[in-house]
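Here the structure is laid out as structure tokens; the discussion comes afterwards.
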Amino acid sequence: MPVLQEILVNLKPQKIAGNQQTEVNSLAIDSRKVAAGTAFIAVRGSVVDGHDYIEKAIASGASVIVCETMPSSLSENVAYIQVKDSHAAAGQIAAAFYGFPSEKMKVVGVTGTNGKTTTATLLFNLFKALGYKCGLISTVDNHIDEIVETSTHTTPDAISVQALLRRMYDANCAYVFMEVSSHAIHQHRIEGIHFTGAMFTNITHDHLDYHKTFDEYIRVKKKFFDDLPEDAFALTNADDKRGMVMLQNTAAEKCSYSLRIPATYKGKVLENNLTGLIMNVDGQEAHFRMIGTFNAYNLLAVYGAAIQLGEDKMEVLAKLSNLHGAPGRFETYMSPVDKILGIVDYAHTPDALLNVLATIKQLRGDAQQVITVVGCGGDRDKTKRPVMAEVACEHSDRVILTSDNPRSEDPEVILNEMEAGLNLTQKRKVLRISDRREAIKTAVSLANAGDIILLAGKGHETYQEIKGIKNHFNDREEITKAFELYNK
Ligand SMILES: CC(=O)N[C@H]1[C@@H](OP(=O)(O)OP(=O)(O)OC[C@H]2O[C@@H](n3ccc(=O)[nH]c3=O)[C@H](O)[C@@H]2O)O[C@H](CO)[C@@H](O)[C@@H]1O[C@H](C)C(=O)N[C@@H](C)C(=O)N[C@H](CCC(=O)O)C(=O)O
Ligand SMILES: Nc1ncnc2c1ncn2[C@@H]1O[C@H](COP(=O)(O)OP(=O)(O)OP(=O)(O)O)[C@@H](O)[C@H]1O
Ligand SMILES: N[C@H](CCC[C@H](N)C(=O)O)C(=O)O
Ligand SMILES: [Mg+2]
């Protein structure tokens, strides 16, 4: 086990009190996870202040306390480290505690409002197909080579992420592909990670509950690129309005991808239908199994990253051709009798919903109705609620407004806020059924042969969180059961 001095190597503490040779057995930012010999890092959160739990951590056996303000009285046999920012210190300390795993592998981070899971998962599957051992850190699950664990966050906290990276290094992974959420950048969860590459997908409306303004949301995303080292690459979407802004102040090698304008990696969609995409990528024609223009962007980003990482163009395209996307993203289910097409998709932002519905519009026949079942999560950005309802109405024949994860909120209040975005004409095509299971059944009962039902917002999720309790719920099971129930 390392001693305190060894895990402070990259840190400039403001004050140190106590023995620097104290052995550190584990790290914790949560006092409830402290055991004998733990270094407890007190961080100020959005709900409580970790500094209020220092005494509790010591009572549970903490031998080191990292904090921004020293407690008024210090305990004997405990070492205290005062730092300017304990969120940032947590990442630096964790990186050192776990032996700087990110410096021994190639870690590529993906940020952006939409497409992170899809892009990171495609990269993971591509590099596995190319013969490498890899790690994946995503919203859906984390992969340590062959081991798969369900995720709790898109990007884990500063300590958990370094622990995961260490396990990946121990499993001989050469590459790690990870999602980098804006919350993670803001809370310094990625501090101490050495990135070989950073990718930007797009930025649209989300998380304004947390970041308050769109400018602040952009600033936070840009910080990921500002902090990159010179030996990394920064790959951006040149077609996104903010794509080039992201690279403005980066020291990394700048590169871009585009379907519309000159860029390092240029693509063109030649065909786009329900069986997949045919694209020209960097002068080479290729077929992909993924559906929709937004996936053309994801594929092009993945291609660009693979070339940046030194892979062969033709081999990359050949392997990429056979890959499917991430679970719960544009997953299709056909009813056996009436051939109703059910689409389960994780679109939970206005832009994602618009993209998915635009894709469906492009691909459907004139006679096919589109029925959209959609809700908005509780305890999350409220301003997206009316916009998502409006987007659903503008691009569907019928809409059933329902619950997503209401969390601590009243589902009917969320539905009122969604409905507030609709005018009278739009309201005419809307039903409001807060019970998501009933909403899905109703969509199926209303559908005629050949129609399309979009279940938006929950994708891969296997639960629905209501009043702090996660009940089993899976859109993919519900659509299949409803098809059976109505013999459709
Ligand atoms: C808003 C937000 O991001 N919150 C995260 C944040 O919690 P917080 O700041 O509210 O923490 P807090 O409850 O105030 O506690 C402050 C500190 O005191 C500690 N504490 C608390 C109680 C106690 O008894 N003892 C103790 O030591 C806590 O462990 C914490 O370190 O820090 C926690 C530890 O890292 C996270 O688990 C928590 O994620 C919550 C659960 C969450 O829902 N986060 C979502 C919004 C999130 O992060 N999402 C993004 C993806 C979004 C997207 O792209 O769509 C993600 O990366 O997952
Ligand atoms: N490049 C893209 N541009 C716009 N929309 C996209 C893109 N890729 C995927 N989407 C849409 O956004 C939804 C979420 O995709 P994905 O899970 O890959 O994004 P994410 O950034 O990981 O989301 P989260 O922030 O929840 O982790 C998809 O189900 C699809 O509807
Ligand atoms: N990572 C996102 C997921 C949202 C998914 C949606 N189903 C919801 O619950 O709002 C978040 O935590 O905001
Ligand atoms: Mg994700």
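Taken together, the values in this text are just the output of simple stated rules run on the coordinates, not laboratory data. These figures come from a predicted structure and were not determined experimentally. Don't worry about glycine lacking a Cβ; one is built from the backbone with ideal geometry, like all the others, and counts go over all protein chains shown.
Structure notes:
- HIS348, HIS186, HIS287 arranged by Cβ crowding within 10 Å, fewest neighbours leading: HIS287, HIS186, HIS348
- Extension gain (nm, one decimal) between THR69 and GLU419, 0.36 nm per residue minus Cα-Cα: 121.3 nm
- Cut-off 15 Å (backbone N to label point 7 Å along Cα→Cβ of ALA174), residues of the range 290-319: 306-313, 315-316
- Summing charges over all other residues whose Cβ lies under 10 Å from the Cβ of ALA90, with Lys and Arg as +1 and Asp and Glu as -1, gives -2.
- Gyration tensor (alpha-carbon) shape descriptor, the range 110-154, a/c threshold 1.5: oblate
- The stretch between ASP215 and LYS241, if pulled fully straight at 0.36 nm per residue, gains 8.1 nm over its current Cα-Cα span.
- Between THR152 and ILE261, the modelled labels are 4.3 nm apart [label points 7 Å from Cα along Cα→Cβ].
- For the range 274-313, Kirkwood radius (reciprocal of mean inverse C-alpha pair distance, Å): 10.6 Å
- Modelled FRET efficiency - R0 25 Å, HIS183 with GLU55, Cβ distances, 0.05 increments: 0.30
- In this simple spin-label model, placing a label point 7 Å from the Cα along the Cα-to-Cβ direction at both ASN249 and HIS472 gives a separation of 5.0 nm.
- Helix 293-308 vs. the chain, principal-axis angle (Cα, 0 to 90°, nearest 10): 40 degrees
- Charge dipole (Cα centre; +1 on Lys/Arg Cβ, -1 on Asp/Glu Cβ; no other charges) of the range 101-321 amounts to roughly 280 debye.
- Spin-label proximity, ASP226 to the range 168-203 - amide N less than 20 Å from point 7 Å beyond Cα toward beta carbon: 180-203
- In terms of surrounding Cβ atoms within a 10 Å radius of their Cβ, VAL387, VAL48 rank from fewest to most as VAL48, VAL387.
- Dipole size of the chain about its Cα centre, with +1 on Lys/Arg Cβ and -1 on Asp/Glu Cβ: approximately 580 debye, rounded to the nearest 20.
- The chain: angle of helix 158-170 to the longest principal axis, Cα-based, in degrees nearest 10: 90 degrees
- Pairwise centroid distance, computed over Cα atoms, of the range 133-187 with the range 222-268, Å: 23 Å
- Percent RCO, i.e. relative contact order, over the range 98-194, from Cα pairs under 8 Å lying at least 6 residues apart: 40 percent
- The DSSP beta bridges internal to the chain are antiparallel in roughly 40% of cases.
- Along the axis of the charge dipole computed for the range 4-98 (Cβ charges of +1 for Lys and Arg, -1 for Asp and Glu, origin at the Cα centre), the listed residues ALA88, LEU8, ASN25 are led at the positive end by ALA88.
- Simple label model, 7 Å out from Cα along Cβ direction - LEU363 to GLU271, nm: 1.5 nm
- Over the residues of the chain, the helix contribution to mean residue ellipticity at 222 nm works out to -9500 deg cm²/dmol, using -39500 (n - 2.57) for each DSSP H run of at least 4.
- Length gained when the stretch ARG289-MET1 is fully extended (0.36 nm per residue, less Cα-Cα span): 98.9 nm
- Taking the fewest neighbouring Cβ atoms within 10 Å as the starting point, the ordered list for VAL281, VAL413, VAL108, VAL176 is VAL413, VAL281, VAL108, VAL176.
- Computed from the alpha carbon atoms alone, the convex hull of the chain holds 149 Å³ per residue.
- Per-residue ³J(HN,Hα) for the range 220-237, Karplus 6.51 cos²θ - 1.76 cosθ + 1.60, θ = phi - 60°, Hz, x for Gly and Pro: 5, 4, 5, 4, 4, 7, 4, 8, 6, x, 4, 7, 8, 10, 10, 10, 10, 8
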